[in-house]
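The values are calculated or read from the model by the stated rules, or taken from the named source; none is laboratory data. What you see is a predicted model; the values in this text were computed from it and never measured. Glycine gets a Cβ as well: all are built from the backbone with ideal geometry, and neighbour counts include every protein chain shown.
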Amino acid sequence: MFEKILIANRGEIACRIIHTARRLGVRTVAVYSSADAGALHTRQADEAVWIGPSPSNQSYLNSAHIIAAALSTGAQAIHPGYGFLSENADFAQACADAGIVFIGPDVNAIRVMGSKREAKILMERYAVPLVPGYYGADQSEEQLTQAARNVGLPLIIKASAGGGGRGMRIVRDFAEFGSALASAQREAQSAFGDPAVLLERYVENPRHIEVQIFGDSHGNLVHLFERDCSLQRRHQKVIEEAPAVLLSDIQRKHLFTAALEAGRAVNYIGAGTVEFIIDQAGEVFFIEMNTRLQVEHPVTESVTGLDLVEWQLRVGAGELLPLGQDAIECRGHAIEVRVYAEDPSQDFKPSTGLLQHLRLPVPSPHVRVDTGVGSQDSVTPFYDAMIAKIITAGPTRVEALQQMTRALAETEIVGVTGNIAYLQKIVAHPAYQTGGFNTHFVEDVRGDLLPEPAPAPDVVLMLAAMRTVVGLAAQAKTEAARTAEPASPWAGLTGFRLNTPPRFEFHYGTGDVHIVVFLTQDRASWRYTSGSHTESIEACEVAGQVVRLTLPMRTIQGAVISTPREIHVFYAGDHYRLEPVDLLQSGEVAEEVAGKMVAPMPGAVTAVMVKVGEQVTRGKPLLVLEAMKIEHTISAPFDGIVTEIRFAVGEQVLAEGVELIKLEPSAPALDADSAS
């Protein structure tokens with residue numbers, strides 16, 4: 001076993017690797033960029049080395065800096081995690097040249113399987129079933145256009161070197177092929193340094209099933225069963241589970257056989273995933289192989305009881321596989337959800353900023369949480385916006401779902417917008433619970449998953465108002481203790497009113513609704529009034545952020561977190577946002593300045609389609625901004641003339657709301673009468 005390894009990654013996967021390494025007594029070296037100075041993975045590792053500025057191409061993708069860090073710290077091996085350099089054959093070769101073990105497959109396997117084109121050609125040789133398509137080396141626009149017509153519609157364009165849903169575009173009309181091809185090639189070049197694509201017939205409404213395989217350097221190869229990754233949005237996985245639902249024994253056997261054949265074709269070593277789609281007729285097709293540990297590997301660990309990172313370290317050190325095929329069992333069911341900093345109500349716009357409050361489920365035999373951040377850490381625009389992975393398990397799928405429902409209800413995020421409510425809607429959806437879903441599920445039921453936010457109920461308003469009163473009282477007591485007369489009635493907070501009971505008045509904004517709340521004190525109890533609703537509050541207990549109210553015949557409890565602009569209340573698994581309204585301040589109406597194109601979020605400019613002085617029409621694409629794996633096109637809101645372009649291709653936009661392009665409206669055309 002290694003004595004020290006370097007982890008060429010960040011976030012939750014770096015922390016995940018550190019956890020296993022520590023258990024095995026292996027020392028760890030973390031690497032970090034400027035944006036990640038002090039990040040959780042650097043705090044958990046035994047050592048940490050700075051490798052460059054915040055952009056990933058200057059840090060986590062800088063192989064020379066990473067290898068130098070390994071050599072300077074005496075690391076014997078490098079674990080690449082997933083993403084970044086994990087499937088980069090040149091990096092694996094550079095590690096070997098430097099005398100450092102790359103914890104993963106050999107260079108040939110990475111190179112062959114890293115090219116979807118070469119992988120398809122090899123799989124065809126081994127009789128692994130393929131979707132009809134074009135995998136040729138000729139990447140000219142003319143050849144690809146002709147190949148598209150041969151493949152037929154609908155078709156999908158895929159980055160040959162791609163993964164994670166990047167560089168993929170679906171085409172249903174040949175008139176759209178040219179622009180879709182350019183967009184896919186541009187994203188592929190940006191993400192993988194290779195614009196090459198392949199074309200395939202697009203299989204409508206498929207299921208996406210993958211098989212975990214593992215090999216060692218002694219010729220042993222096993223599978224660790226399958227995972228169902230059908231629940232996706234924009235080709236990126238949202239929820240994964242093992243074993244797959246509604247899969248026949250014949251299909252399962254076919255998948256395992258094909259996956260092992262794919263591994264043997266390249267003498268595979270280490271952890272790998274062979275991905276398939278199953279069409280509506282039940283036919284299985286190979287799509288790609290990922291030569292690394294997958295984001296969703298915890299569900300496989302949950303049903304097999306194995307530690308795949310431990311297996312990676314042992315195999316990387318030259319040991320035999322810990323178990324043979326007959327000794328590996330699949331028991332129970334496991335589900336994983338990916339908690340992201342994104343706003344589903346704003347087309348999943350990434351959300352960046354300080355995690356002012358983060359509460360994740362308490363780990364247990366049935367609940368696992370993998371994360372790379374904590375409260376007061378930041379989600380930056382430079383990397384993936386994942387906050388955590390929540391994994392639940394049970395003897396049956398129903399019990400695993402029950403655990404997930406509870407785990408999501410216990411998750412609280414303040415500071416950035418999270419996708420918790422969206423995940424809750426998916427998990428509770430009847431079609432998902434029965435297993436009747438495919439890769440289009442979230443789009444097909446989009447209306448069910450993105451409902452209008454519910455107004456705050458009275459119990460939420462009570463929790464918020466009582467927490468405010470208790471906080472103000474504590475603040476007044478602290479300030480009174482600093483005065484010359486701490487017992488003075490003027491130093492306390494009693495809500496004193498002449499000839500009437502003490503009363504507090506609060507104004508909250510929620511959406512377009514203005515709510516007025518009154519709390520009237522009656523000796524040791526309070527009376528809550530809002531609109532026509534009145535209720536007695538017999539007692540209030542506050543412990544940190546948790547507020548517990550005793551009402552007639554019942555108690556309620558929730559977490560209340562105040563920020564400078566909002567009050568966040570977590571109650572019964574739901575998250576409510578209240579905006580305190582100061583009636584002494586004049587209202588301000590935010591208006592968009594005509595002709596001012598601003599960034600919807602921080603990101604990198606990947607394309608500028610216009611020039612200064614150019615006349616454009618309404619809807620014309622002006623600029624493409626990429627943030628967290630998603631391209632956002634800024635289009636002209638009206639006919640006009642481009643007067644200024646503030647960013648060039650490759651430049652970083654560091655904040656939301658930054659002006660990108662200025663556009664002056666075109667002068668209205670004069671008719672003949674007015675001209676005369």
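Taking the range 92-123 as the search range and keeping residues that are acidic (Asp, Glu) and at pLDDT 90 or above, which one is surrounded by the most Cβ atoms within 10 Å (Cβ to Cβ)? Of everything passing the filter in the range 92-123, ASP106 is surrounded by the most Cβ atoms within 10 Å (Cβ to Cβ).
Yes/no matrix, rows are residues, columns are (1) β-branched (Val, Ile, Thr); (2) in the same structural domain as GLN280 (by TED's automatic domain parsing):
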| position | (1), (2) |
| --- | --- |
| GLY436 | no, yes |
| HIS440 | no, yes |
| ASP444 | no, yes |
| ARG467 | no, no |
| LEU472 | no, no |
| GLN475 | no, no |
| THR478 | yes, no |
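The condition of being under 22 Å from the mean Cα position of the chain (by Cα), buried (at least 17 other Cβ atoms within 10 Å of the Cβ) and either touching a residue at least 12 places away in the same chain (Cβ under 8 Å) or within 24 Å of GLU410 (Cα to Cα) (or both) holds for only one of PRO363, PRO350, that being PRO350.
Condition test on GLU631, is it outside the structural domain of ASP384 (by TED's automatic domain parsing) and either outside any strand (DSSP E or B) or loosely packed, with under 15 Cβ neighbours inside 10 Å (or both)? Here the answer is no, as GLU631 does not meet what is asked. Within the range 81-91, at least one residue is surrounded by 22 or more Cβ atoms within 10 Å (Cβ to Cβ), among the acidic types (Asp, Glu) and either within 20 Å of VAL315 (Cα to Cα) or without any contact (Cβ under 8 Å) to a residue 24 or more places away in the chain (or both).
The set of residues from the range 197-240 being buried (at least 18 other Cβ atoms within 10 Å of the Cβ) and small (Gly, Ala, Ser) comprises GLY215, SER230. Residues that are among the charged types (D, E, K, R) and modelled with pLDDT of 95 or more: does the range 430-447 have at least one? Looking through the range 430-447, none of the residues is among the charged types (D, E, K, R) and modelled with pLDDT of 95 or more. Across the range 3-19, not a single residue is classified as free of Cβ contacts under 8 Å to residues at least 60 places away in the same chain, assigned to a helix (DSSP H, G or I) and farther than 20 Å from HIS297 by Cβ. Which one is farthest from the chain's Cα centre (by Cα), of the residues in the range 516-534 that are surrounded by 18 or more Cβ atoms within 10 Å (Cβ to Cβ) and of a type in the set (A, V, I, L, M, F, W, C)? Ranking the qualifying residues of the range 516-534, first place goes to TRP526.
For the range 553-574, state whether one or more residues are assigned by TED's automatic domain parsing to the domain that holds ARG467 and farther than 29 Å from LEU358 by Cβ. Yes, the range 553-574 contains at least one residue that is assigned by TED's automatic domain parsing to the domain that holds ARG467 and farther than 29 Å from LEU358 by Cβ. Only one entry of SER34, SER56 meets the criterion of being more than 19 Å from the chain's Cα centre (by Cα) and surrounded by fewer than 23 Cβ atoms within 10 Å (Cβ to Cβ), and that entry is SER34.
If only residues of the range 300-343 that are under 22 Å from ARG234 (Cα atoms) and either surrounded by fewer than 24 Cβ atoms within 10 Å (Cβ to Cβ) or not aromatic (Phe, Trp, Tyr) (or both) are counted, the one that is farthest from the chain's Cα centre (by Cα) is ILE335.
Selection over the range 604-646 of residues that are among the β-branched types (Val, Ile, Thr), touching a residue at least 24 places away in the same chain (Cβ under 8 Å) and closer than 27 Å to SER54 by Cβ gives a count of 7.
Only residues that are outside any strand (DSSP E or B) and either free of Cβ contacts under 8 Å to residues at least 60 places away in the same chain or more than 23 Å from THR439 (Cα to Cα) (or both) were counted in the range 164-177, giving 7.
Here the condition is being acidic (Asp, Glu) and on the phi < 0 side of the Ramachandran plot; of ASP370, ASP347, it holds for ASP370 alone.
For ASN9, the conditions (1) modelled with pLDDT of 95 or more; (2) out of contact with any His (no Cβ under 8 Å at 6 or more places or on another chain); (3) of a type outside the set (A, V, I, L, M) all hold with the exception of (2).
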